[in-house]
1. Please specify each residue of region 23-70 satisfying the condition of being in contact with a strand residue (DSSP E or B) (Cβ under 9 Å, 6 or more places away or on another chain), among the polar types (S, T, N, Q) and not in a strand (DSSP E or B).
2. Report whether or not P143 is within 21 Å of R223 (Cβ to Cβ) and modelled with pLDDT of 95 or more.
3. Which one is farthest from S127 (Cα to Cα) among residues in region 171-223 that are surrounded by 13 or more Cβ atoms within 10 Å (Cβ to Cβ) and of a type in the set (K, R)?
4. Which ones in region 159-210 are of a type outside the set (V, I, T) and touching a residue at least 60 places away in the same chain (Cβ under 8 Å)?
5. Please name all residue pairs, on different chains or six or more residues apart, with Cβ atoms under 7 Å, provided the first residue is in region 1-18 and is without any contact (Cβ under 8 Å) to a residue 40 or more places away in the chain and the second residue is surrounded by 20 or more Cβ atoms within 10 Å (Cβ to Cβ) and of a type outside the set (A, V, I, L, M).
6. In region 190-198, is there at least one residue being in contact with a helix residue (DSSP H, G or I) (Cβ under 8 Å, 6 or more places away or on another chain) and among the aromatic types (F, W, Y)?
7. Within region 39-53, can one find any residue that is among the charged types (D, E, K, R) and either crowded, with 20+ Cβ neighbours inside 10 Å or not assigned by TED's automatic domain parsing to the domain that holds G118 (or both)?
8. Can you find, within region 1-22, the residue that is nearest to S127 (Cα to Cα) among those that are among the β-branched types (V, I, T) and assigned to a helix (DSSP H, G or I)?
Amino acid sequence: MRVEEAQEIGCILESLPNDALTPVLNLGSGSGKFRKLQQPHIDQFMFAPLAARDIQCIHADIRLEEGIDLVGDLSTSEFQNELRSLEPGCVLLNNFLEHVTEPLMITKAIEEFLPSGGMAVVSVPRSYPYHLDPIDTGFRPSPEEIAALFPNCDLVEGRVIDSTRYIDRLAEMPRNELTGFLLKSFIRFFTPFYKFEAWKTRFHRFLWLLRPYQVSIAVLRKR
């Protein structure tokens, strides 16, 4: 998740009253280490402010790791029923839909367990390099295209936000690390036949060397 994305979603959550949020269900949450150490802006801008408001947050993922409250497969009726019993006031689905082959199946499941009046805050890269987790389908929707996946919800707000460029990430590297990375990249460029997915991941990001990454965010309310 981009820093600007976490900040924007944090502002959206801050604008919603407590009774519209509790509990917050964070789907595809990643581990506590991921949210607090690897990408600390997620906790800083999104979940620490919710905790300060005494709003319950439930983190759910398909993998059993530290900091995950519920483990299950969203495509199964058993897990959907478990989520329905929570009666979530708000569902967070961030950087998820580009990593599944059938996004409509996921959004349909969310609509089925989200109570009437419940909110969903969905974010998906709009302009972003190829990135595996474990796949990347290349899904890069507008907010309106996200909303179209939720036919039983109204689009309360949609926005596309800019983030940094790849050159900004390179500029943050220590000189020795940057030199080594560029040298390895130069050599690796001539071997796309070896582990092509990794090759594509390394070099596709250079298309964003001087243009900003973008993220689409849709705020939805179930009718």
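The values are calculated or read from the model by the stated rules, or taken from the named source; none is laboratory data. Just so it is clear, the model here is predicted, and its values are computed rather than measured. Glycine also receives a Cβ, built like all others from the backbone with ideal geometry; neighbour counts cover every protein chain displayed.
1. Correct list: S29, S31, Q56.
2. yes
3. Ranking the candidates gives K222 first.
4. Of everything in region 159-210, those that are of a type outside the set (V, I, T) and touching a residue at least 60 places away in the same chain (Cβ under 8 Å) turn out to be R159, D162, S163, E197, K200, H204, R205, L207, W208.
5. Going by the 7 Å Cβ cut-off, the qualifying pairs are Q7/F45; G10/F45.
6. Taking every residue of region 190-198 in turn, none turns out to be in contact with a helix residue (DSSP H, G or I) (Cβ under 8 Å, 6 or more places away or on another chain) and among the aromatic types (F, W, Y).
7. Scanning region 39-53, I find no residue that is among the charged types (D, E, K, R) and either crowded, with 20+ Cβ neighbours inside 10 Å or not assigned by TED's automatic domain parsing to the domain that holds G118 (or both), so the answer is no.
8. Across region 1-22, the extreme among qualifying residues is V3.
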